Structure formats: structure tokens, C-alpha cells
1. Out of the residues in segment 52-65 that are farther than 17 Å from ASP14 by Cβ and not hydrophobic (A, V, I, L, M, F, W, C), which is surrounded by the fewest Cβ atoms within 10 Å (Cβ to Cβ)?
2. Could we say that SER68 is free of Cβ contacts under 8 Å to residues at least 40 places away in the same chain, among the hydroxyl-bearing types (Ser, Thr, Tyr), in a helix (DSSP H, G or I) and touching a helix residue (DSSP H, G or I) at 6+ places or on another chain (Cβ under 7 Å) here?
3. Looking only at residues in segment 110-121 that are small (Gly, Ala, Ser) and in a helix (DSSP H, G or I), which one is modelled with the lowest pLDDT?
4. Identify the residue in segment 19-65 that is in a helix (DSSP H, G or I) and β-branched (Val, Ile, Thr) and, among all such residues, is modelled with the lowest pLDDT.
5. What tally of residues in segment 71-89 results from selecting those that are without any contact (Cβ under 8 Å) to a residue 40 or more places away in the chain and either assigned to a helix (DSSP H, G or I) or small (Gly, Ala, Ser) (or both)?
6. Just name the residue that is modelled with the lowest pLDDT out of those in segment 73-109 that are among the polar types (S, T, N, Q) and buried (at least 18 other Cβ atoms within 10 Å of the Cβ).
Amino acid sequence: MTPQHHPVQTAGADLTCERFADHTVIAISGELDVSSTPSLRERLYVALRDPGMYVVIDLSGMTFCDASGLAMLVGAQRRLEGDGTGLILARPRPHTARLLRVTGLSRAFTVRPPAAWAPAGDSDPRSAAA
């Protein structure tokens, strides 16, 4: 199945959505902060409709994240859990990985480091080593 691309740009942040046969990959780039989160959250929730068996949020392009950004990710996870859909945070930059560890969210999310997931969807991140 050819992926569908849906780019969305908001103040300070971008969101790109690719749908595959059994999963959706959402790439977030830029600054995920109090000014960009409200409009990005709306677009993220639209992208989460009919996501497939699991959703991968690629964080490799995210340059900053504050508490509102973390809350958006937690909200996405809660929405998906209600539908029985898995969520994977993939390829966080070192500062984002540290933020997830410090806040304890690395235990709440399935997090895959850069080496454990191919961005083109070539491998299944659910089975990659953490």
C-alpha cells in the first residue's frame, strides 16, 4: 500500500502523517510548546482516526518539548488505548529521551531509539529492541 502524506504546519511545529496497511506513522518536528500544541493537538487527533493496529510517533525532528507537548503525547496514548491501538514513540533525540526519563514517561510509553526503527516503515518497531 502506498503511504498517504498529510503535512500540517503550525507555529513552531510540523506534523506529517503517513498511513500504511496496518499502522500510521506521525512525524513531529520543530518546537512542541504551549504556542504550537493547541493547533497541533487538533491535527494529531484527526490523524489518529482509523490508525491501524498501532501508531508510531517519530520524534527525531522535534527540537523542543515542554509540559504541554508531553501532555499532548499522553492524551494521544490515552485515546489510542481506549481503542486497543498501540503507540510507539520512535527516534527521540537525546534531549527528548532525557525528558521522557526524568518525567517517568519512558516507563509509560514504548520508546524506540533511532537504531531500533527505520523511518520509512521498513521494519516493525513493535518487535525492535528497546
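1. Within segment 52-65, the match that is surrounded by the fewest Cβ atoms within 10 Å (Cβ to Cβ) is GLY52.
2. It is true that SER68 is free of Cβ contacts under 8 Å to residues at least 40 places away in the same chain, among the hydroxyl-bearing types (Ser, Thr, Tyr), in a helix (DSSP H, G or I) and touching a helix residue (DSSP H, G or I) at 6+ places or on another chain (Cβ under 7 Å).
3. ALA116
4. In this case the residue turns out to be VAL46.
5. Of the residues in segment 71-89, 13 are without any contact (Cβ under 8 Å) to a residue 40 or more places away in the chain and either assigned to a helix (DSSP H, G or I) or small (Gly, Ala, Ser) (or both).
6. Ranking the candidates gives THR85 first.
The values are calculated or read from the model by the stated rules, or taken from the named source; none is laboratory data. Quantities reported herein were computed from a predicted structural model and do not represent experimental measurements. Methodologically, a virtual Cβ is constructed for each residue, glycine included, from the backbone with ideal geometry; neighbour enumeration extends over all protein chains shown.
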